Structure formats: C-alpha cells, structure tokens
1. May I ask you to list the residues in the range 130-147 that are within 14 Å of the ligand (Cβ to nearest atom) and either in contact (Cβ under 8 Å) with a residue 60 or more places away in the chain or touching a strand residue (DSSP E or B) at 6+ places or on another chain (Cβ under 8 Å) (or both)?
2. Being in contact (Cβ under 8 Å) with a residue 12 or more places away in the chain, open to solvent by 60 Å² or more (accessible area, probe 1.4 Å) and not in a loop (DSSP other than H, G, I, E, B) is the filter here; which residues of the range 78-89 pass it?
3. As an exercise: evaluate T279 against (1) under 25 Å from D51 (Cα atoms); (2) open to solvent by 40 Å² or more (accessible area, probe 1.4 Å); (3) in contact (Cβ under 8 Å) with a residue 24 or more places away in the chain and give the number of the one condition it does not meet.
4. Going through K18, K72, K8 one at a time, which residue ends up being assigned by TED's automatic domain parsing to the domain that holds L297 and in contact with a helix residue (DSSP H, G or I) (Cβ under 8 Å, 6 or more places away or on another chain)?
5. Pull up the range 344-376, narrow it to residues that are open to solvent by 60 Å² or more (accessible area, probe 1.4 Å) and in a helix (DSSP H, G or I), then point me to the one that is nearest to R25 (Cα to Cα).
6. Pick from Y71, Y65: which is touching a residue at least 40 places away in the same chain (Cβ under 8 Å) and either open to solvent by less than 40 Å² (accessible area, probe 1.4 Å) or within 16 Å of the ligand (Cβ to nearest atom) (or both)?
7. Do you know which of the residues in the range 91-103 that are within 12 Å of the ligand (Cβ to nearest atom), in a helix (DSSP H, G or I) and within 17 Å of L256 (Cβ to Cβ) is most open to solvent (accessible area, probe 1.4 Å)?
Amino acid sequence: MTSIFDQKIDRRNTHSLKWDEMESRYGISPDDGLPMWVADMDFRPPQAVNDMVARAAEHGIHGYYGNDAPYKDAVVSWMKRRHQFDVSPEWITTVPGVVAGYSLAIQAFSEEGDGVLVFSPVYHAFGRAIRNNNRRLVESPLIERDGAYYMDFDNLEDQIDERTKILLLCSPHNPGGRVWTKEELTRICEFCLKHNILIISDEIHHDLILDGSKHVVTATLSDAIAERTVTFTSASKTFNLAGFATAACIISNKELRDQYRKVSTACSVDSTPLGSKATMEAYNHGEEWLAELCEYLGGNQELLIEGLEAAIPGAKVMRMASTYLQWVDFKDVDLPFDEIVRRIQKQAKIAVNLGKTFGKGGETFLRFNIACPRSTVEEAIKRLEDVFADLRVQANV
Ligand SMILES: Cc1ncc(COP(=O)(O)O)c(C=O)c1O
C-alpha cells in the first residue's frame, strides 16, 4: 500500500539545514548523499498548514502578530485531548523553540556555576545550552538493559551536590526513544522534590509514539510535582514545523512563571504569525495525518532494524518506542569505530550524527534519522550492505 510519506520531495537548494549544509558539514554532496542526521522530516505537514501559508502569501502582508488566544486554545485542546494535561491558557509562554525556551529557563532558575542534571547520552543541545550559559553539566549515565535505556537511581545521589538546581529531562528520550513509565517519572521527580531541584521537562517528542506506549506528561504526576515543573512542548517535531520556530513553555506555578517571564520579556521573546497559525492548523486538523505518520515511521524502523543488523554483523539497533531517531551501537562490530564512520559517511555517503556528541555513553553509537521516504531507508541499507560486505564474508553470514 502506498502512503503520502512515500513521496520523494526534492529539498535541495531550499536552505534546508539537513540537505544544503550536508556538504559543508560532512563533505557529502546532496546530489547523491543520504541526509539521515538533523531531526526534521522529509515530509510535508498536514495540508491545512500549507493551505494557511498559501493564504498568508496571497494576502501578502506579514506584520507583527496579535491576539494569540486561538493559538493558545489549540495548544490547550491538544494537551487535553492527546495527553490528559489540563492547561490554562495563561500558563503558556510562546518561545522561539524548545532549546531557546529551556536556555531561558536555565537563566531564570539557576546561577552561573550551578549544576544541571541530565541523563546521558542525551540530545546534544542539552549540553550546549547548559555550557553556553556557564552552568555545570552533571551527567547521570543511563543504563542499557535488554536493548533499552533506564535511569540509574542507585547512583543519582552521588552525582548531585547542593548546587545542582535543575533536572533537564528528555521525555520521551532522545536518543533511544524510551517512553519513561509513570513509575520512573514519579521516582525521578520525587528525588528532585527531595533535593529542591527544579524539573524542566522537554516533551517535544511526546506525540511520536510508535508502539502504543503511553507518554505521561511530567506535570500530571501530582500537584506537588506540577508546582516544580516547567514543561516544553511544540508542534515542530510532530508535524515537521521546525522552521516556524514556535514552542510552548507551560508553567502552572505563578511564582515560577513570573520568574520565567522576567527573563523572556527582558529578551523580548514573542510569537510569530506563521508559527502560531501553523501550530493551530496542525493541532486542529492534523490527527489523521499523525496517525499515518507514526505507522509509517514504525514501518521504517522495522526495515532499518532488520536491514542494518543483517548488513553489518555486530551492529545493534536500539528499538525505539518514540521519536524517529534510530540509535545504533557499533561496539561489537569487528572494526575500529573511525573506520565504521568513514565507511558510512565517505563510502556509503550517509550523513548521520556521531554518538559522542550526545555525551557519556554515546561514544560507540551513531544516530540515523529515519523520517524519510521508505525508499531512502532501503537505499541506505543497500549502501551499507555494499560497504560492509567484507565483514559478512569474514563472519560467514
Ligand atoms: C529532545 C529535543 N528537544 C528539542 C529539540 C529542538 O527543538 P527546537 O527546534 O524547538 O529548539 C529537539 C530536536 O531534535 C529534540 O530532539
């Protein structure tokens, strides 16, 4: 059966980071390379979004944005419908992206030199935002068990000190795609309450659930946890709208919200017409599209797991419950890691993210973005089969 996501859309020369910076960053030409790195999708969003953009172009005036009530209503309705999270519109501050939003939160809720706890390996912008704000990165390495990541509760206490002020939580987790259970989230949040650590919960991947797991919004765990939680969400990963630079910072605790807004207002952070309207259109009209997307990504995942593990003896693809960012471990492949990377990037011409940029524990991994037409995943597997053929002969498979 064909899908709308099978369509190959030429993104070259459109100022796409993923395509048009592949050559400068990886030395791989977009003419024959496969960009499987930065986290956006090679798919059009729901039609309602592009119809809105066409209407805006037709009207032709692009001034400042006003009256964001319908936008906030759309966010409130989405969070209620999809995540059983009751949000009041006044809790929402619109920010130009989740990373920008939690960078402001780091400034609002900690001092230079304070520690920010993360579970590593984790999305590389976590470490960047912490270091760029002159805070200390406190890494708690995740434990890999049966092909999935788990938090190491036994060692947490040893990792923090009295200047550890914030937990920057990635939920669901990127990379690896773990959807944390209610029990895990409760345990880590209670730990934070006990140690007076503020919880910043980056839930940008919350809609991209591939296996029926239930994403639990951190701020819904209990009133006490909600009081100490700052939630970030966005339609950008779900509906491929990253270029609209729009995300929501949701804080129910008025004191924390005022503290946050002091910083965001000082930076004149504001919403944009296209970003707000794109979010609104996607939330109000995108549910069917999203269901088809998650099914399609699930199919891509099955294909990659089977194809990549068969092509490269020893490689292990972590099965993800969420996200479209496939985390692959090469530690048991009988080649030096640099040589594996060279073959994948220089010979197969596939641009992937290096695991070490995700922090401790990522050193032997590469991350493959599979939000692309299935034919691209097939082509990637074919190329991997070619460039690792000698390993299969050696392993006799
Ligand atoms: C966990 C996580 N947070 C945030 C982002 C980026 O969000 P934004 O573009 O809104 O800053 C990404 C992108 O990959 C991500 O994986």
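1. I130
2. Selection gives R82 alone.
3. (2)
4. Exactly one of K18, K72, K8 is assigned by TED's automatic domain parsing to the domain that holds L297 and in contact with a helix residue (DSSP H, G or I) (Cβ under 8 Å, 6 or more places away or on another chain), namely K8.
5. Across the range 344-376, the extreme among qualifying residues is K346.
6. Values: Y65 fails: either open to solvent by less than 40 Å² (accessible area, probe 1.4 Å) or within 16 Å of the ligand (Cβ to nearest atom) (or both).
Of Y71, Y65, the one residue that is touching a residue at least 40 places away in the same chain (Cβ under 8 Å) and either open to solvent by less than 40 Å² (accessible area, probe 1.4 Å) or within 16 Å of the ligand (Cβ to nearest atom) (or both) is Y71.
7. Here the answer is S103.
Yes/no per residue for (1) within 16 Å of the ligand (Cβ to nearest atom); (2) open to solvent by less than 20 Å² (accessible area, probe 1.4 Å); (3) touching a residue at least 24 places away in the same chain (Cβ under 8 Å); (4) not β-branched (V, I, T):
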site: D20; (1), (2), (3), (4): no, no, no, yes
site: E23; (1), (2), (3), (4): no, no, no, yes
site: I28; (1), (2), (3), (4): no, yes, yes, no
site: V38; (1), (2), (3), (4): yes, no, yes, no
site: D42; (1), (2), (3), (4): yes, yes, yes, yes
site: P46; (1), (2), (3), (4): no, yes, yes, yes
site: V53; (1), (2), (3), (4): no, no, yes, no
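The values are calculated or read from the model by the stated rules, or taken from the named source; none is laboratory data. In this text the structure is predicted, and so the values were computed from the model without any measurement. Methodologically, a virtual Cβ is constructed for each residue, glycine included, from the backbone with ideal geometry; neighbour enumeration extends over all protein chains shown. Calculation scope for accessible area: heavy atoms of the full protein, side chains included, ligands and nucleic acids excluded. Shrake-Rupley method; radii C 1.70, N 1.55, O 1.52, S 1.80 Å.
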